[in-house]
Amino acid sequence: MNTIFLQVTAGMQFDRRPEINETWERENRKAAEGKVPPVPHGQLGGGSYLTKQEVRDIVEYARSYGFEVIPEIQSLSHVEYLTMTYPEIAERPEDTYPDSYCPLHPESHQIVFDMIDEVIEVFQPLRYIEMGHDEVYTMGVCERCKGKSRAELYALDVNKIYDYLKSKGLGMMIWSDMIHTFRPYGCPDAIDMIPKDIVMMDFIWYFRTREDIETRLLDKGFKVIMGNFYSSHYTRFAARSAREGVIGAEVSTWSHANERDFGRYGKLYDFIYSANMIWSEHYSDELRWTMDRKVAALMPEIRARLSGRTDPFRIEGRTYQPLDLTGKTTASLRDETGAKGRFDLTGLPKGEVALKGIPFHIADGVILVEAGDIREPGYPSEVEVSMGAKADRLIFLHTCSSDAPPRTPVGRYEVVYADGTTEEVSVQYGWQLAEWNRRHAAPLAHSAHRHGGYVGTYPADPMWQGKTPAGEDVTLYGLEWVNPHPGTEIRAIRIGASESASDAALMVVGITGVR
C-alpha cells in the first residue's frame, strides 16, 4: 500500500478560475436545499473545496509515510463541475448537468490546462496525473463534433492532454473502459490512436468476471492497474496480477471521505485485505477466510487509532462484569419453526467463556425481542436486565435472526442509570451486526454490490465464529459501547425491539461491563 489517488475536480481552490469553486459550492448548496437535483459526485470536498495550503498539508502528510500521491483531474467526462460553470463548452448544454465537454471547443483545453498547472503547483506530482476519460456517454452531438467518429474525438482529447503533460515532464493515467469492446458507449478503435505509455486503470473487469479483459490492453503494450479493485469480486487474481505489464491495483471509495462511510462500505476492511493480496507473492483465493480472521483481528486497533481511544482488548488493569442472562432468555438456542427466521446457536460455548479475552456468561438460550405490532408476536418487545455497577464500557454479544436492508434498525439498548437518566444505543443491520448464519465479511455476490462488497459491521467485531451441526456458518458480533457517564452506576439495561418493517429480530447472547 504505497499510493494514494486524490480526485481533485472542484474540491481544491483554483486561483486562475475561482468561478469553478464558486459554482460548485453554489450548486451543491442549492441541491442540499432541494432546489436542484443532486450534483454528480457532489460529496467531493463535502460539496465545498479545500484551500491550496490544506491540500498541500494532506499531500505532505501522505508523503511523510512513503506514499506517492497522484492527483486525478476529471476531464472530457464526469465534468459536470466544468459544464455548469462554463455551459458554452458542454457537448449537450440542454442537459441538467452535461456530463462531457466538447473536445473541439477552443476553451475546453485551455480550462483543463489551467487546472493542470495549478494542480502541479500544489501536488508537485512525481510521475503521473490521472486524467479521467471514463464513461464518456455524450460525444459527437454538438455542431462542432457532428460527423466525426467517437474514436477520433476521444483520441484527439487524450492526445492533446497527453502532450501537455509530457511538456511538463509528467506521464498520463486514464480509466480504460472507452477502448474496450463491450461497453455500448465505448470507442474501441481509439486503442490504436493514443500513446502506449499511458497507464490504463482497468475498472470494468466486474462486468466480465469470466474474462481476463486486461489482455486487450497488455497485448497493445499498455501498462495496467486493476482499477476499482475489490477483493470481494476480483477473480483469478494470482494469475492475472503476475502478468507482465500489470503494475498494481487500486481500491476506490466513491463516498464521502470519512471513517463512518469508509467503514459502512467496507473500505477500511478492503484496504487492508487488498493491500495484502497485492503485496504477497503467495496469495491464494483459498486463503480468504484465513485472511479474514487476520484482518478482523486488526480492526479494533485501527478503530481505536482513528478515534483516539484505547483498544478495549489492550487495556491494562481492566476488570470485567459479565452479566448472567439466565432467567431472562426468551428463546432457545435453536428454532426450527421459522417464526422469526430459523436459527441454530446450539454450537455456542456455554457458561463462563472468554471470547478474544473478554469474559461472557452464555446461558442456555438467547434474549430475542420483536416489535409488538407484528402479526402473531411470539416474543416480548422489551427485556430488562439488572446490572447494579459502574462501567466505562459495555460489550454486547449479539446477532440477528435474518438479513435486512443495510442500516435498518433491528433493536436498541437503553442504559438506565441509578439516577434515573438513560442513554440509548441503536442497533442497525449491516453496521452493528448481521444475520446469525452469515460468515463475517462474506462478499455480496452480485456485481451490483461491487463498490460495497461487504455488509459492513465496522463498529462491531466477529467475537465468535463457528458452525451448526449441519455445517452452516454462525457469527456472533461484539459491539463496544463507550459509556459517556462512567462515574454513574448503571442500574439496568433494557433490550428493546425496533418498530421497523424488517423481519430481523435482535438476539442477545451476552453483555459484559468493562472497568
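The values are calculated or read from the model by the stated rules, or taken from the named source; none is laboratory data. A quick note: this is a predicted structure, and the numbers were derived from the prediction, not measured. Using ideal geometry, Cβ is built from the backbone for each residue, glycine included, and neighbour counts are taken over all protein chains shown. Side chains are part of the model used for accessible areas, which takes the heavy atoms of the whole protein and leaves out ligands, DNA and RNA. Shrake-Rupley method; radii C 1.70, N 1.55, O 1.52, S 1.80 Å.
Filtering segment 469-478 to residues that are touching a residue at least 24 places away in the same chain (Cβ under 8 Å) and either of a type in the set (D, E) or open to solvent by 10 Å² or more (accessible area, probe 1.4 Å) (or both) leaves P469, A470, E472, D473.
For segment 387-410, the set of residues classified as at pLDDT below 95, on the phi < 0 side of the Ramachandran plot and of a type in the set (K, R) consists of R393 only.
Only one residue in L6, L44 is open to solvent by less than 60 Å² (accessible area, probe 1.4 Å), in contact with a strand residue (DSSP E or B) (Cβ under 8 Å, 6 or more places away or on another chain) and in contact (Cβ under 8 Å) with a residue 40 or more places away in the chain. Which one? Step through it out loud before you land on a result.
Values: L44 fails: in contact (Cβ under 8 Å) with a residue 40 or more places away in the chain.
Exactly one of L6, L44 is open to solvent by less than 60 Å² (accessible area, probe 1.4 Å), in contact with a strand residue (DSSP E or B) (Cβ under 8 Å, 6 or more places away or on another chain) and in contact (Cβ under 8 Å) with a residue 40 or more places away in the chain, namely L6.
Taken together, the criteria exclude L287 from residues that are assigned to a helix (DSSP H, G or I), touching a Lys or Arg at 6+ places or on another chain (Cβ under 8 Å), free of Cβ contacts under 8 Å to residues at least 60 places away in the same chain and among the hydrophobic types (A, V, I, L, M, F, W, C).
Looking only at residues that are over 24 Å from D197 (Cα atoms) and of a type in the set (S, T, Y) in segment 240-269, which one is nearest to the chain's Cα centre (by Cα)?
Keep residues of segment 240-269 that are over 24 Å from D197 (Cα atoms), which gives 253-269.
Those still in the list that are of a type in the set (S, T, Y) too: 253, 255, 265, 269.
Details: T253: 5, S255: 7, Y265: 3, Y269: 8 Å.
Once the filter is applied, the top-ranked residue is Y265.
Name the residue, out of I89, I129, I116, I120, that is farther than 21 Å from I198 by Cβ and aliphatic (A, V, I, L, M). Outline the logic, then answer.
Values: I129 fails: farther than 21 Å from I198 by Cβ; I116 fails: farther than 21 Å from I198 by Cβ; I120 fails: farther than 21 Å from I198 by Cβ.
So the residue among I89, I129, I116, I120 that is farther than 21 Å from I198 by Cβ and aliphatic (A, V, I, L, M) is I89.
Within segment 445-456, being open to solvent by less than 50 Å² (accessible area, probe 1.4 Å) and either assigned to a loop (DSSP other than H, G, I, E, B) or on the phi > 0 side of the Ramachandran plot (or both) holds for G453, V455, G456. The set of residues from segment 480-496 being closer than 22 Å to A331 by Cβ and either open to solvent by less than 10 Å² (accessible area, probe 1.4 Å) or without any contact (Cβ under 8 Å) to a residue 60 or more places away in the chain (or both) comprises A492, I493, I495, G496. For segment 470-487, the condition of being over 17 Å from V514 (Cα atoms), part of a loop (DSSP other than H, G, I, E, B) and not aliphatic (A, V, I, L, M) holds for at least one residue. Under the condition of being closer than 14 Å to A151 by Cα and of a type in the set (V, I, T), which residue from segment 162-206 is most open to solvent (accessible area, probe 1.4 Å)? Filtering first and then ranking leaves T181. Number of residues in segment 206-239 that are more than 15 Å from the chain's Cα centre (by Cα), at pLDDT below 95 and not small (G, A, S) equals 9.
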